[in-house]
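Undergrad: The structure under discussion is supplied below as structure tokens; questions concerning it will follow.
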Amino acid sequence: GALGGLDIPLLTYFALWYLGNYYYNITNKLALKATGGAAGFPMTISALQLGIGSLYGLFLWLAPDAREKPSITLDDVIKMLPVAFCYAGAHSASVFSFSAGSVSFGQIVKAAEPAFAAVLSQFVYNKPVSKAKWLCLPIVIGGVILASVNELDFAWSALLSACLANVFAAVRGNENKKLMETEGLKDRLGSVGNQFCITSILGFLLSIPFVLWKEGGKLGQFVESFKTIPALRNNMIASALWFYGYNELSTMTLKKTNAVTQSVA
């Protein structure tokens, strides 16, 4: 409900989203460092993070009185594929960026995501962005840069993959909003949590061919590392759950806002 004009649930979503993102960044970086960063298994780790999160979502469907299952059709699943592909693409590119450079550098480049979202909303999706939001973008992006610049660790591969993640994330935000406006789909999904769970499952499945392509030849080495390196095992599982949780919250905020607001957050 609202209190003095404030949307308390929305503010709560934002607060928990920030908290989840903070702990995800820490545990994700520790998992990547445990296997050698960019030279290790960034694609495998990013895909398994989606897979572990999907298992949590499936558990909520199976647990008594936790979450009602959706009643979607094959056509609904097909409509959700673009969102799922962009979700998986943004996550994989972001994980690779963090594996190749510092978390602070990745955050600096990711700070430009609202600009990508604004341009796409305005010129591709015909969703006009207000002048106030355009004027806020330099302040938001500049603030993140100033907060992170002391730890700057430049790497071209980190820059390019973070920019790619921005593109995927901006498209995903707009496609997600469009999906939510599809007639009848909202009722068949049952909840925003169900929508995100299905997106996560599809994103994980779409990631598998890329894992086999990029790192398929050394999956045995990854399995051995998973068994013998607690820092990899514990942080990968923790980062997967933090990632799933804060992204479900971001989907809830998108329902109440729009793609540009979500990117600024």
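Undergrad: Here is a list of conditions, (1) among the charged types (D, E, K, R); (2) open to solvent by 50 Å² or more (accessible area, probe 1.4 Å); (3) within 23 Å of TYR246 (Cβ to Cβ); (4) at pLDDT 85 or above, and ARG172 meets all of them except one; can you say which number that is?
TA: Of (1) among the charged types (D, E, K, R); (2) open to solvent by 50 Å² or more (accessible area, probe 1.4 Å); (3) within 23 Å of TYR246 (Cβ to Cβ); (4) at pLDDT 85 or above, only one is false for ARG172: (2).
Undergrad: Of the residues in the stretch 61-85, how many are open to solvent by 10 Å² or more (accessible area, probe 1.4 Å), part of a helix (DSSP H, G or I) and not aromatic (Phe, Trp, Tyr)?
TA: Number of matching residues: 8.
Undergrad: Another one. Sort through ALA63, ALA15, ALA34 and tell me the only one that's more than 16 Å from LEU202 (Cα to Cα) and in contact with a Lys or Arg (Cβ under 9 Å, 6 or more places away or on another chain).
TA: ALA34
Undergrad: Oh, and also: Against the condition surrounded by fewer than 12 Cβ atoms within 10 Å (Cβ to Cβ) and under 20 Å from THR228 (Cβ atoms), how does ALA39 come out, does it pass?
TA: The answer is yes for ALA39.
Undergrad: Step by step: first the residues of the stretch 39-56, then only those that are in a helix (DSSP H, G or I) and out of contact with any Phe, Trp or Tyr (no Cβ under 7 Å at 6 or more places or on another chain), then the one that is modelled with the lowest pLDDT. Which residue is that?
TA: Step one: filter the stretch 39-56 for residues in a helix (DSSP H, G or I), giving 39, 42-56.
After this cut, where a residue has to be out of contact with any Phe, Trp or Tyr (no Cβ under 7 Å at 6 or more places or on another chain) as well, the list is 39, 45-46, 48, 52, 55.
Numbers: ALA39: 86, ILE45: 96, SER46: 96, LEU48: 97, ILE52: 96, LEU55: 95.
So, considering only residues that are in a helix (DSSP H, G or I) and out of contact with any Phe, Trp or Tyr (no Cβ under 7 Å at 6 or more places or on another chain), the one modelled with the lowest pLDDT is ALA39.
Undergrad: If I go through the stretch 202-228 residue by residue, how many of them are surrounded by 18 or more Cβ atoms within 10 Å (Cβ to Cβ) and under 22 Å from LEU58 (Cβ atoms)? Please lay out each step first, then the result.
TA: Pass one, the stretch 202-228, residues surrounded by 18 or more Cβ atoms within 10 Å (Cβ to Cβ): 202-204, 206-207, 211, 215, 222, 225-226.
Filter once more, keeping what is under 22 Å from LEU58 (Cβ atoms): 202-204, 206-207, 211, 226.
Qualifying residue count, the stretch 202-228: 7.
Undergrad: So in the stretch 208-265, with the set limited to residues that are outside any helix (DSSP H, G or I) and within 21 Å of ALA90 (Cβ to Cβ), which one is modelled with the highest pLDDT? Please lay out each step first, then the result.
TA: Going residue by residue through the stretch 208-265, those that are outside any helix (DSSP H, G or I) are 229, 257-258, 265.
If we keep only those that are within 21 Å of ALA90 (Cβ to Cβ) as well, we get 257-258, 265.
Numbers: THR257: 54, ASN258: 50, ALA265: 44.
Top of the filtered list is THR257.
Undergrad: If you check every pair at least six apart or on different chains, which have Cβ atoms under 6 Å apart with a residue in the stretch 45-64 that is under 12 Å from CYS197 (Cβ atoms) first and a residue that is open to solvent by 40 Å² or more (accessible area, probe 1.4 Å) and among the polar types (S, T, N, Q) second?
TA: Pairs found: none.
Undergrad: Please indicate, with yes or no, whether at least one residue in the stretch 177-195 is modelled with pLDDT of 85 or more, closer than 30 Å to GLY37 by Cβ and buried (at least 16 other Cβ atoms within 10 Å of the Cβ).
TA: For the stretch 177-195, residues modelled with pLDDT of 85 or more, closer than 30 Å to GLY37 by Cβ and buried (at least 16 other Cβ atoms within 10 Å of the Cβ): absent.
The values are calculated or read from the model by the stated rules, or taken from the named source; none is laboratory data. Predicted model only: the values in this text are computed from it and were never measured. Cβ: placed from backbone, ideal geometry, glycine included. Neighbour counts: every protein chain shown. These area figures cover heavy atoms from the full protein model, side chains too; ligands, DNA and RNA do not enter into them. Shrake-Rupley method; radii C 1.70, N 1.55, O 1.52, S 1.80 Å.
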